[in-house]
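Have a look at the structure below, then the notes.
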């Protein structure tokens, strides 16, 4: 018995120690980072890639409220269950609820309650705030269920308002319904039209106290209705409760894309009413994600920036299918994934550059579902997604960038992915009859007098086509390989050697005039570039950087052009210049994704010390651990993915070829759990803010001269060690045998 007690005590001690250790990394996550300025993130509770994002909304409209919340606002209008993280368009904020202490007459206006940031707290999987009406709100979640805890002032009459007509920016309510099915449960739905023209969200809500009275308001007439009409008009609801006598009111809200019956089934994710238990489990899910990449440094701010960035890389895509795998798509058809679950929110124009390659390392199992969700979208719609929101094609942004994401997966031999199916889907998107693709195929570029954003579309299609060519080659389809390698050269038709820029050309072969490389515009009809100008897009040839160098005349000439990008004026010309062009160093715009590979281009031309200096500068000046910590929209994880990669010391400048180019790590050591089960350790000797330059590299103790490392090499695990110093070593990486791959050798 004594032996048993000693053993039990030891096990408890070990378990306690493990629990303590498990909290070591989530403490560096600050969900408030990115909620200020133009970051457009939300601070509320969610779990990795969860269907529910339970977060406060300010009730304000405008670009800086695309997530529903901005740190600058002094009031909260509700807590809704679906949010977009870091986007440039506002939608969702579905199933908004608000606790208060009196019946709010329905006026069609948002009912805002002031609050102070000193009474607000956000951490991994948890959010709380003390409202000025005396109600304390605490929120946590599982994948499909939001869990609320409200503490009302003693002697007050508690109310919970379901404002289903709540909407922001592009979104508008089409139809809602609320039904009380027993004394503690309501169900309903919200149909809306917005960025996603078709969106249907079903919910089920259950409280731990009897509902004293149930009110319905018609949100069109703003009048109270006694009995819900079966036609299902637009309703908001109010739940009234007896005085809680100091006890909390608890509420679970489950979501589904299929029906409120399925939402009731999803509610089983939370058994009982133990809020702290659910909160702790949510936190542990985040701890599990953080443990995949562990860093060593004395710089606590760097840890906060890094782990919050890693946190933001787990916000999208988001889960769309129910616990049983069923989902209803935008066409109203119910499907079930053959294996795994369906995901939505594919911000591919942003994420193909850094986030999706990162997911091949950090999310090997989940990533299969994400990739197969793209193929499911193709099966249901005939094309791969461009910007899939609630399984609706928003057709937002340029390119067909599901292609590089899927190509990267095929070229990395990702298991569970049908490469032939992928290839068929790629060909369908490459040969579509819209989005200026016919003009692209006819002329070999998109003429400036045949469609807007013509330069951006041309250079991005060229890169996507290079990706298709690589998959064709892997599958032995050599005719297709030759065809798409030719299309991959399309950028060359728009390179103007006289001005040194990639610029618009008419169908007759003459250049568009006048030409201003500083000009940027949001006018699709006249703008040649999407969210950028000639300075940024001239460098978008990630598959053929040395081909671009040849166009400039030499590697040195391209290096000089890159130098000038970072030193010229930061002015942006144009009366309708997009606000996305932000985070400027010269004309390098880190606040928007087209620039994200550019600082690494020096590695392709034998000048890696310039990459090292630029990367350190960007990390030090354009990331912070404050609400305004991002220099532009966070964009569903891409802004953060750049930070995760670059703070570790590398980046996939060509996102689909499995090469990670070296920059300058800010950490003394990084341990990465690879999908192979091995651990890749990155060490930096003599590292400091001053010692930003690589003096030499070893891999597993042997000299390593390449300016990149491959995914396959990383999978083997081992130790990659950088010797750092205060001055550039211009000999290291100078020999062209050590440069990253380029289509032009």
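The values are calculated or read from the model by the stated rules, or taken from the named source; none is laboratory data. This structure is a prediction, so every number in the text was calculated from the model and none was measured. All Cβ positions, glycine included, derive from the backbone under ideal geometry; neighbour counts span all protein chains shown.
Values for this structure:
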quantity: Options 464, 408, 413: the member that is out of contact with any strand residue (DSSP E or B) (no Cβ under 8 Å at 6 or more places or on another chain), surrounded by fewer than 23 Cβ atoms within 10 Å (Cβ to Cβ) and either part of a helix (DSSP H, G or I) or modelled with pLDDT of 95 or more (or both); calculated: 413
quantity: Residue match in the range 545-563 (condition: within 25 Å of residue 652 (Cβ to Cβ), touching a residue at least 40 places away in the same chain (Cβ under 8 Å) and not in a helix (DSSP H, G or I)); calculated: no
quantity: 2 or more residues crowded, with 17+ Cβ neighbours inside 10 Å: qualifying strands (runs of 3 or more DSSP E) within the range 170-277; calculated: 172-182, 185-193, 199-207, 213-218, 235-240, 249-256
quantity: Test: residue in the range 629-638 that is assigned to a helix (DSSP H, G or I) and surrounded by fewer than 24 Cβ atoms within 10 Å (Cβ to Cβ); calculated: no
quantity: Complete set of residues in the range 569-587 that are buried (at least 24 other Cβ atoms within 10 Å of the Cβ) and either in contact with a helix residue (DSSP H, G or I) (Cβ under 6 Å, 6 or more places away or on another chain) or without any contact (Cβ under 8 Å) to a residue 60 or more places away in the chain (or both); calculated: 587
quantity: Condition broken by residue 92, with the remaining ones in (1) farther than 18 Å from residue 41 by Cα; (2) buried (at least 17 other Cβ atoms within 10 Å of the Cβ); (3) touching a strand residue (DSSP E or B) at 6+ places or on another chain (Cβ under 8 Å) satisfied; calculated: (1)
quantity: Residues of the range 313-337 satisfying the condition of being surrounded by fewer than 17 Cβ atoms within 10 Å (Cβ to Cβ), out of contact with any helix residue (DSSP H, G or I) (no Cβ under 8 Å at 6 or more places or on another chain) and not in a strand (DSSP E or B); calculated: 325, 332
quantity: Residue check, residue 340 without any contact (Cβ under 8 Å) to a residue 24 or more places away in the chain and under 27 Å from residue 254 (Cβ atoms); calculated: no
quantity: Some residue of the range 506-524 being assigned to a helix (DSSP H, G or I), surrounded by fewer than 23 Cβ atoms within 10 Å (Cβ to Cβ) and not assigned by TED's automatic domain parsing to the domain that holds residue 736; calculated: no
quantity: Verdict on residue 680 being buried (at least 21 other Cβ atoms within 10 Å of the Cβ), modelled with pLDDT of 95 or more, more than 21 Å from residue 404 (Cβ to Cβ) and out of contact with any strand residue (DSSP E or B) (no Cβ under 6 Å at 6 or more places or on another chain); calculated: no
quantity: Conditions (1) touching a residue at least 40 places away in the same chain (Cβ under 8 Å); (2) more than 25 Å from the chain's Cα centre (by Cα); (3) more than 18 Å from residue 141 (Cβ to Cβ): number failed by residue 295; calculated: (2)
quantity: Whichever residue in the range 420-436 is more than 22 Å from residue 394 (Cβ to Cβ) and in contact with a helix residue (DSSP H, G or I) (Cβ under 9 Å, 6 or more places away or on another chain) and, among such residues, is surrounded by the most Cβ atoms within 10 Å (Cβ to Cβ); calculated: 422
quantity: Failed item in (1) under 33 Å from the mean Cα position of the chain (by Cα); (2) modelled with pLDDT of 95 or more; (3) farther than 19 Å from residue 614 by Cβ, with residue 704 passing the rest; calculated: (1)
quantity: Residue within the range 203-215 that is in contact with a strand residue (DSSP E or B) (Cβ under 6 Å, 6 or more places away or on another chain) and free of Cβ contacts under 8 Å to residues at least 24 places away in the same chain present; calculated: no
quantity: Filtered residues of the range 525-541 (kept if in a loop (DSSP other than H, G, I, E, B) and over 20 Å from residue 395 (Cβ atoms)); calculated: 533, 538, 539, 540, 541
quantity: Members of the range 670-721 that are assigned to a loop (DSSP other than H, G, I, E, B), within 26 Å of residue 410 (Cβ to Cβ) and touching a residue at least 60 places away in the same chain (Cβ under 8 Å); calculated: 674, 675, 707
quantity: Test: residue in the range 646-662 that is part of a loop (DSSP other than H, G, I, E, B), surrounded by fewer than 19 Cβ atoms within 10 Å (Cβ to Cβ), at pLDDT 95 or above and within 21 Å of the chain's Cα centre (by Cα); calculated: no
quantity: Residue among 730, 706 that alone is touching a helix residue (DSSP H, G or I) at 6+ places or on another chain (Cβ under 9 Å), closer than 30 Å to residue 487 by Cα and surrounded by fewer than 22 Cβ atoms within 10 Å (Cβ to Cβ); calculated: 706
quantity: Every residue from the range 437-457 that is crowded, with 19+ Cβ neighbours inside 10 Å and in a loop (DSSP other than H, G, I, E, B); calculated: 445, 446, 447, 448, 452, 453
quantity: Members of the range 722-735 that are over 19 Å from residue 652 (Cβ atoms) and in contact (Cβ under 8 Å) with a residue 24 or more places away in the chain; calculated: 723, 724, 725, 726, 727, 728, 729, 730, 732, 734, 735
